[in-house]
Amino acid sequence: MISWKLFSLLVYAAQWTVLYSAISISIGFVMSAGICSATLSRNRALAFAGKLYVSFFRGVPLLVQLLLIYYLLPGVGLDVPSHVAAIAGMALCTSAYQAEILRGGFASVPRGLVEAAEMSGFSRLAIFRRIRMPIAVKLTMPALISEAIMMLKSSSLISVVGVVELTRMAQNLAASTYKPMEIYTAAGFVYLVINLVLVALGYGLEKKLRWGRI
Amino acid sequence: MSLTPAIRVRGLVKRFGQTTVLDGIDLDAGRGEVTCLIGPSGSGKSTLLRCIAFLEEATDGFIEIDGEPLGFAAGPSGERMRLPQSAIRPVRSRVGMVFQQFNLWPHMTALGNVSEALVIVRGMKRRDAEARAMAELEKVGLSGRASHYPSELSGGQQQRVAIARALALEPRIMLFDEPTSSLDPELTGEVLNVMRDLAKTGMTMLVVTHEIGFAASVGAKIVFLDHGKLLVQGTPGEVFGKPRHPRIEQFLDTYLDRGAATLL
């Protein structure tokens, strides 16, 4: 068993895990709406740019992206603080995945619902915001929650840019206490609890969106 | 009554690839009248309606709504010129549409479905829009279902909400695309009653329907399409009265079994 003192240090570090993940996933979601509408755009150049973005950020490991942001940008004169690099890396990465998830959702929005909005005089933007987006989000909610969980776990990678989050704290404590088994078990437990809370939030959200079949 | 018809279609052609769905349609729909489009499945009547709603772009020909060209106008020497996108919306805003599949937005209540465009498109305050929407729901007998989501309503109720949604925007013309085809006979009746009441108010209506009884009793004009061509048009008496066009005779025979033709 580990002491309360050690455990409270893990919980303290877990705050950063939650904070960085929450901020990145939220920024990523807003970005994904834009990227998704770009990939679905009738404008060829915009659609290509969207697809290129998705290919890059899904194709390159998050770890490499983080290192690129943290070490490459200062090389061209852009000084990137650790927390900015961490959030930027995660947001860019998850936005690509979320955009692809949403794209599937948009494709499943029945054409007739859009036609009804067109006949009611909605602008393209209004159709996107008021009709297609809410329905796409509802249809893809389980996949979006799943992506959030993946992202929360991937947040362990941001330690490479100097952010001390749950995993890095566990490594530090394991090294100084020589109790890796206990420390990592405790860290795993904390991740599990956070993700269970996330799943519960997801179910709550799905319940709130339970306005029936589409 | 002005001489300009509410809807004027000239030489309308619609092709999907190699298939010609509409083959040179000329049609006038009178103001304040109910015009019913009938014909066998695949005759092109729904496509014609969708072209008039500009949900489909016709391959050739012209459509005028209240004398205003929709989508395309004739140039100086009669050539077909595409009008800018901005010219389409004002013309289209005179037209309301009711779909076979209702197409209510599932994430909004009945009240939300009816009031949304008033807020988003007309810029009304939410509260005013909802009061207006409530009045429209009242007219179709559904003010008691205002807070229900579409999934909580029967098909007939959904279609009545869809009619209220279109009427809230005060269209001059209402298009109905097989409004009762996905309803059972009992629910069909309640939707047809709402449409009858609407016809009595003098609304210009263009109705694609398989309800021959409704067409004969409410329609001022019956238009029979077959294989993308306008085969016969006239008053119900002219189209259904004897002697009938042999193709209409054959078409009506299929309704005899269902007892619909006895309504004529």
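The values are calculated or read from the model by the stated rules, or taken from the named source; none is laboratory data. Computed from a predicted structure; not experimentally measured. Cβ atoms come from the backbone with ideal geometry, glycine included; neighbour counts cover every protein chain shown.
Number of residues in the stretch B:182-208 that are buried (at least 23 other Cβ atoms within 10 Å of the Cβ) and β-branched (Val, Ile, Thr) equals 4. The helices (runs of 4 or more DSSP H) located wholly in the stretch B:1-120 that include 1 or more residues which are within 17 Å of the chain's Cα centre (by Cα) occupy B:45-52, B:85-92. Within the stretch A:178-190, is there a residue that is surrounded by 12 or more Cβ atoms within 10 Å (Cβ to Cβ) and not in a helix (DSSP H, G or I)? Taking every residue of the stretch A:178-190 in turn, at least one turns out to be surrounded by 12 or more Cβ atoms within 10 Å (Cβ to Cβ) and not in a helix (DSSP H, G or I).
Of the residues in the stretch A:108-125, at least one is among the basic types (Lys, Arg), surrounded by fewer than 19 Cβ atoms within 10 Å (Cβ to Cβ) and under 30 Å from B:ALA87 (Cβ atoms). Taking the stated definitions as given, is A:ALA99 part of a helix (DSSP H, G or I), within 30 Å of B:GLN101 (Cα to Cα), within 14 Å of chain B (Cβ to nearest Cβ) and of a type in the set (Gly, Ala, Ser)? No; evaluated as a whole, the condition is false for this residue.
Close contacts from the stretch B:83-94, counting a first residue that is within 11 Å of chain A (Cβ to nearest Cβ) and in contact (Cβ under 8 Å) with a residue 12 or more places away in the chain and a second that is surrounded by 15 or more Cβ atoms within 10 Å (Cβ to Cβ) and of a type in the set (Phe, Trp, Tyr), with Cβ to Cβ under 6 Å and a gap of 6+ residues or different chains, come to B:ARG92/B:PHE54.
Inspect the stretch B:183-202 for any residue being within 24 Å of B:ARG31 (Cβ to Cβ), part of a helix (DSSP H, G or I), in contact (Cβ under 8 Å) with a residue 60 or more places away in the chain and touching a Lys or Arg at 6+ places or on another chain (Cβ under 7 Å) and give the result as yes or no. Within the stretch B:183-202, none of the residues are within 24 Å of B:ARG31 (Cβ to Cβ), part of a helix (DSSP H, G or I), in contact (Cβ under 8 Å) with a residue 60 or more places away in the chain and touching a Lys or Arg at 6+ places or on another chain (Cβ under 7 Å).
Annotation: A:SER8 fulfils all but one of (1) in a helix (DSSP H, G or I); (2) touching a residue at least 24 places away in the same chain (Cβ under 8 Å); the unmet one is (2). Scanning the stretch B:106-115 for residues that are crowded, with 24+ Cβ neighbours inside 10 Å and either of a type in the set (S, T, N, Q) or facing chain A (nearest Cβ under 8 Å) (or both) yields B:ASN113, B:SER115. All conditions in (1) within 14 Å of chain B (Cβ to nearest Cβ); (2) assigned to a helix (DSSP H, G or I) hold for A:CYS93, with the sole exception of (1).
None of A:VAL109, A:VAL54, A:VAL80 is of a type outside the set (Phe, Trp, Tyr), assigned to a loop (DSSP other than H, G, I, E, B) and touching a residue at least 24 places away in the same chain (Cβ under 8 Å) except A:VAL109. Consider the stretch B:121-162 and keep the residues that are at the interface with another protein chain (Cβ under 10 Å from one of its Cβ atoms) and part of a helix (DSSP H, G or I). The one that is farthest from the chain's Cα centre (by Cα) is B:GLU152.
Listed conditions (1) aliphatic (A, V, I, L, M); (2) closer than 26 Å to B:LYS14 by Cβ; (3) out of contact with any Cys (no Cβ under 8 Å at 6 or more places or on another chain); (4) at pLDDT 95 or above are all met by B:VAL232, apart from (4). If you filter the stretch A:14-46 down to residues that are not aliphatic (A, V, I, L, M) and not in a helix (DSSP H, G or I), you find that the one that is surrounded by the fewest Cβ atoms within 10 Å (Cβ to Cβ) is A:ARG42.
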